[in-house]
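Input: a single structure, listed below in structure tokens.
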């Protein structure tokens, strides 16, 4: 069987909830044993354990629960509450950014999403949000820089 | 003058909103006002305004009328070239709002009096769609009757035309890129040959996204470089080398979808492609992906 067909068969099973182990929207959790550098992908949002907040980040004046800029359903990666976390923002944070907020988790917090599974972060962790790179956008960015 | 005053800065949103409203307005042409302000435009340009005025529904209708007024028959050899010449001769009326807002601001708020010469164009933009000023006549158009934009204010409609005129003329666009009806409404009917033949990179990219990357790599006989079952991320991944679009990582998502992601030419394996896609941090901590959901 061709690779693409194999993959199509795989996603067909997953989307019909017929796959034995892969279930859409399965929640995951960083365990207390996680180490700096450990990463969970929630769609194209990477949540990575860090040792500290980067020095050029600032505590958000008006923090938002949403961790990805945008109005689409895909960008609704949202904290369950603002009460349990301090949010630090990079100097620039917009739809083109590859780096997002850094979360200092004071009490267990969950990142929710309408399609992907929820990701729970235990108390005491520092978690950096970064975004998946896009080759076509990177090329466009390079082309703009050249122009 | 080096800087805007606070008062001037605070007025920018007013001009911005006003001219966006003008640019998006779907109203009919006010023929009398159009004539009145066309005379001012001619006067400000130092030209004599003709007495003959026409009103049409769309840029294509305007161009057809202009060609007809030149006495060129529809079946003649020169028709096509004349039609496109007349289409390109048009002035954008309400669609000039993007730059008129700037000049109205620097005229009225910053006292740059030279901009007063644009008053006629500013006024006519409020009442007319595109229009065509000639020595012997003026052809006005109604504004578009429908317009669709994305959140970045670019022409955009994935399920129909982005712009519609009163005579049924349609403009097809996604993300501000002008397309054909086939690409928007029936992308599944595109062929590999059509996609590969398209010279405009932006159009080709939209074509292939709508056609489906998975189908493209399959039907275009792209070369499979690597395949793996990633049990940590619960994904299946295949790295292809496509003739036209370079390296593409086809990857399943635990939500039950397939994504196709571009990768640099240097990557040779799925693992390298995934590492590149996630590599945007400054930290020295070695990244260790433990799950994907």
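For the pair the stretch A:127-147 / the stretch B:194-211, the C-alpha centres are spaced 21 Å from each other. One compactness figure for the stretch B:163-208 is 1.21, namely its Cα radius of gyration divided by 2.2 N^0.38 Å. Calculated FRET efficiency, residue B:26 and residue B:116, Cβ-Cβ r, R0 22 Å, to nearest 0.05? With R0 = 22 Å, the Cβ-Cβ based efficiency is 0.15. Using the alpha carbons alone, the radius of gyration of the stretch B:239-290 stands to its Kirkwood radius in an Rg to Rh ratio of 1.01.
Axis of helix B:59-69 versus longest Cα principal axis of chain B: the two differ by about 50°, to the nearest ten degrees. Take each residue in B:240-253, count the other chain C-beta atoms within 10 Å of its C-beta, and the mean is 2.
Within the protein assembly as shown, the proportion of C-alpha pairs whose separation exceeds 29 Å stands at 61%.
Its Cα gyration tensor gives the stretch A:24-133 an equivalent ellipsoid, and the semi-axes of that ellipsoid, as √(5λ) in whole Å with the largest first, are 18, 17, 13.
The separation of the stretch B:1-54 from the stretch A:50-114, counted between C-alpha centres, amounts to 43 Å.
Helical content alone sets the calculated 222 nm signal of the protein assembly as shown at -9000 deg cm²/dmol, taking -39,500 (n - 2.57) per DSSP H segment of four or more residues and averaging over every residue.
Sorting the Cα pairs of chain B by distance into bins of 10 Å, from 0 upward, gives 6, 19, 22, 19, 16, 13, 5, 1 percent per bin. Relative protection proxy for B:87-97, A:15-25, from highest mean packing down: B:87-97, A:15-25 (other beta-carbon atoms within 10 angstrom). Look at B:113, B:138 and count the other Cβ atoms within 10 Å of each Cβ; fewest to most, that gives B:113, B:138. For peptide B:268-280, the mean count of partner chain Cβ atoms within 10 Å of a residue's Cβ comes to 3.
The mean count of C-beta atoms from other chains within 10 Å of the C-beta of residues in A:25-36, rounded to a whole number, is 3. Here the stretch B:249-270 is scanned for amide nitrogen atoms under 17 Å from the site 7 Å beyond the Cα of residue A:137 along Cα-to-Cβ, giving B:249, B:259-264. At a Förster radius of 56 Å, what calculated FRET efficiency corresponds to the Cβ-Cβ distance of residue B:49 and residue B:223, to the nearest 0.05? My answer for the efficiency is 0.30.
All of the numbers you see were taken from the coordinates with simple rules; none came from a lab. Since the structure is predicted, the reported quantities are computational estimates derived from the model, not experimental observations. Note: ideal-geometry Cβ built from the backbone for every residue, glycine included; neighbour counts use all protein chains shown.
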